[in-house]
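The values are calculated or read from the model by the stated rules, or taken from the named source; none is laboratory data. Everything numeric here is computed off the predicted structure, so don't read it as measured data. As a convention, Cβ positions derive from the backbone with ideal geometry for all residues, glycine included, and neighbour counts pool all protein chains shown. What goes into the accessible areas is simple: the full protein's heavy atoms, side chains included, and nothing from ligands, DNA or RNA. Shrake-Rupley method; radii C 1.70, N 1.55, O 1.52, S 1.80 Å.
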Amino acid sequence: MSVRPSALALTPLLLFLALFFGAGLYYTEQGDAMGFYRLHAPVAILPAIALGLWIAHRAGVKAMDTLLQGIGDSNIVLMCLIFLLAGGFAMVTKQIGAVDAVVALGVGALPPALILPGLFLVAGFLSLAVGTSMGTIAAVTPIALGVSDAAGIDRALVVGAVIGGATFGDNLSVISDTAIAAARTQGCTVREKFRENIKIALPAAVVTLALLAVVGDASPVEAAEPASPWLVLPYVLVLALAISGLDVLVVLTVGLVVAGLFGVFFGPQDYGLPTFTDDIYAGFESVVEITLLALFIGGLGALMKASGGLHWLAAQISRLARGNTGRRTGEWCIAALASLTDVFTANNTVAILISGGVARDIAERHDVPPARAASVLDIFVCIVQSLLPYGAQILLAASLAGLSPLALMGKVHYCWLLAIVTVLFMVWPSRRHRQTSTANG
């Protein structure tokens, strides 16, 4: 049966965004600093799923079968398994003291001019290893604030460097939920997305390091307390295995087991098998929300696609492009879609899950390679998310530092520079594109 384009089929998504964003505004106006996280996304999406079922039924689609097929899609299930293992790995490494070891070893003995760049690198490495900007900000910010007070550096500058580093690592991490979601929704591997992403992120990071070296005026800081360097090895192992091309499920499983063994031999004295298993389950619990949302989004996306919503949206994008089917137009459309979705959801993974299917359709229509589409999608949601004054990253950092979220927006130098570098990459034609243009001319 041919699918008939329908704008009505997209209304469930609009309902979800309205509920999620509307509740966030309401609670924020009531004085709740974390108002955008009072109504959990898996709950906010339930009325949208009900509406999607009704619209699909009206369109002659087998609504419940379509919903269940979307929830059980192999890409969605694999994504959820990765989320669970990544959550377990992050929790175990945190509990055995690996996070503290990375921070302590990274900050110690830095000369004053390198304090801000050093904090950026520490946050970047930790976020790259554990795949979460939130966890990195929570771990590094308290240490960074102590460094700030000891060195006499503006707190906003220090915290901005930490947020920037956390964004850099999260955007590139092969076990980050955003990277996984972007790669899976666009039909490429995380390794392919990493190779495309680093071409853009690395120049932005280098410029950021140079800028951070000159914007702060610091005094010497006492070295951090000694920490066992062995506890850093689980992170190094995960990075090495992932970059080598090993399946991400195998990488996380090996990392989880190795982290547990290192916890027994080099971690807290009372760390044993019962504590290890408890930490794994606590890690699973920490990603329950995003796992449930991924399942529900898979079902809702299938309903909207079967009802003609994605076909209608693709037709509108083609109309806006005014007949231009070039790669550059496709990349701009993906960037705008990712940015707008994140503005309304205030969650980078949620934004990717919602916009991923449409972004893939845009990429196919405009000949954007899957890895490039995944890279653009992930970069722009990370940029927007890390600059939103009501986003979790800035809210958490501002709360820990006792600063206004608005005061931090201008200090996250890496995110602004990443946006500039990405736009330049999108505007500047690739070698293959230039050669094709020359041949046609």
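Limited to segment 289-310, what total is found for residues that are part of a helix (DSSP H, G or I) and touching a Leu at 6+ places or on another chain (Cβ under 9 Å)?
15
Tally the residues that are surrounded by fewer than 23 Cβ atoms within 10 Å (Cβ to Cβ), in a helix (DSSP H, G or I) and touching a residue at least 40 places away in the same chain (Cβ under 8 Å), restricting the search to segment 148-160. First the steps, then the outcome.
Going residue by residue through segment 148-160, those that are surrounded by fewer than 23 Cβ atoms within 10 Å (Cβ to Cβ) are 149-152, 154-157.
If we keep only those that are in a helix (DSSP H, G or I) too, we end up with 149-151, 155-157.
After this cut, where a residue has to be touching a residue at least 40 places away in the same chain (Cβ under 8 Å) as well, the list is 150-151, 155-157.
Summing the residues that are surrounded by fewer than 23 Cβ atoms within 10 Å (Cβ to Cβ), in a helix (DSSP H, G or I) and touching a residue at least 40 places away in the same chain (Cβ under 8 Å) in segment 148-160 gives 5.
So which of ILE71, ILE137, ILE115 is in contact (Cβ under 8 Å) with a residue 12 or more places away in the chain, open to solvent by 10 Å² or more (accessible area, probe 1.4 Å) and not aromatic (Phe, Trp, Tyr)?
Of the residues listed, the single one that is in contact (Cβ under 8 Å) with a residue 12 or more places away in the chain, open to solvent by 10 Å² or more (accessible area, probe 1.4 Å) and not aromatic (Phe, Trp, Tyr) is ILE71.
Out of the residues in segment 214-261 that are under 28 Å from SER148 (Cβ atoms), surrounded by 14 or more Cβ atoms within 10 Å (Cβ to Cβ) and at pLDDT 70 or above, state the one that is nearest to the chain's Cα centre (by Cα).
TYR235
Any idea how many residues of segment 46-62 are surrounded by fewer than 21 Cβ atoms within 10 Å (Cβ to Cβ), part of a helix (DSSP H, G or I) and among the small types (Gly, Ala, Ser)?
1
If TYR27 satisfies every condition in (1) closer than 21 Å to THR341 by Cβ; (2) modelled with pLDDT under 85; (3) open to solvent by 60 Å² or more (accessible area, probe 1.4 Å) but one, which is the exception?
(2)
In the list ILE180, ILE163, ILE143, which residue meets the criterion of being more than 13 Å from CYS415 (Cα to Cα), in contact (Cβ under 8 Å) with a residue 24 or more places away in the chain and crowded, with 23+ Cβ neighbours inside 10 Å?
Going through ILE180, ILE163, ILE143 in turn, the sole match is ILE180.
Starting from residues that are free of Cβ contacts under 8 Å to residues at least 40 places away in the same chain and among the small types (Gly, Ala, Ser), keep the ones in segment 42-68 and report whichever is nearest to VAL250 (Cα to Cα).
ALA44
Which condition breaks for ILE76 when tested against (1) closer than 27 Å to SER228 by Cα; (2) of a type in the set (A, V, I, L, M, F, W, C); (3) modelled with pLDDT under 90?
(1)
Give me the pairs, please: first residue somewhere in segment 384-413 and touching a residue at least 60 places away in the same chain (Cβ under 8 Å), second residue anywhere and among the hydroxyl-bearing types (Ser, Thr, Tyr) and part of a helix (DSSP H, G or I), beta-carbon distance under 6 Å, and either six or more positions apart or on two chains.
Partner pairs satisfying both residue conditions: SER386/THR167; GLN393/SER133; GLN393/SER386; ALA397/THR141; LEU400/THR141; VAL412/SER386; HIS413/THR208.
Could you tell me whether segment 198-207 includes any residue that is under 22 Å from GLY118 (Cβ atoms), small (Gly, Ala, Ser) and at pLDDT below 90?
no
Could you list, in sequence order, the residues of segment 30-45 that are open to solvent by 60 Å² or more (accessible area, probe 1.4 Å) and not in a helix (DSSP H, G or I)?
GLN30, GLY31, ALA33, MET34, ARG38, HIS40
Give the residue, chosen from GLY301, GLY283, that is more than 25 Å from ALA201 (Cα to Cα), more than 16 Å from the chain's Cα centre (by Cα) and open to solvent by less than 10 Å² (accessible area, probe 1.4 Å).
GLY283
When the residues of segment 345-365 are filtered to those that are open to solvent by 10 Å² or more (accessible area, probe 1.4 Å) and either of a type outside the set (D, E, K, R) or assigned to a loop (DSSP other than H, G, I, E, B) (or both), which remaining residue is farthest from ILE180 (Cα to Cα)? Outline the logic, then answer.
Initial filter on segment 345-365 (open to solvent by 10 Å² or more (accessible area, probe 1.4 Å)): 347-348, 353-354, 357-358, 360-361, 364-365.
Add one more test, that the residue is either of a type outside the set (D, E, K, R) or assigned to a loop (DSSP other than H, G, I, E, B) (or both), and what stays is 347-348, 353-354, 357-358.
Details: ASN347: 15, ASN348: 12, LEU353: 10, ILE354: 14, GLY357: 14, VAL358: 17 Å.
Once the filter is applied, the top-ranked residue is VAL358.
So which residues in segment 81-105 are over 14 Å from SER127 (Cα atoms), open to solvent by less than 10 Å² (accessible area, probe 1.4 Å) and within 18 Å of the chain's Cα centre (by Cα), if there are any at all?
ILE82, PHE83, GLY88
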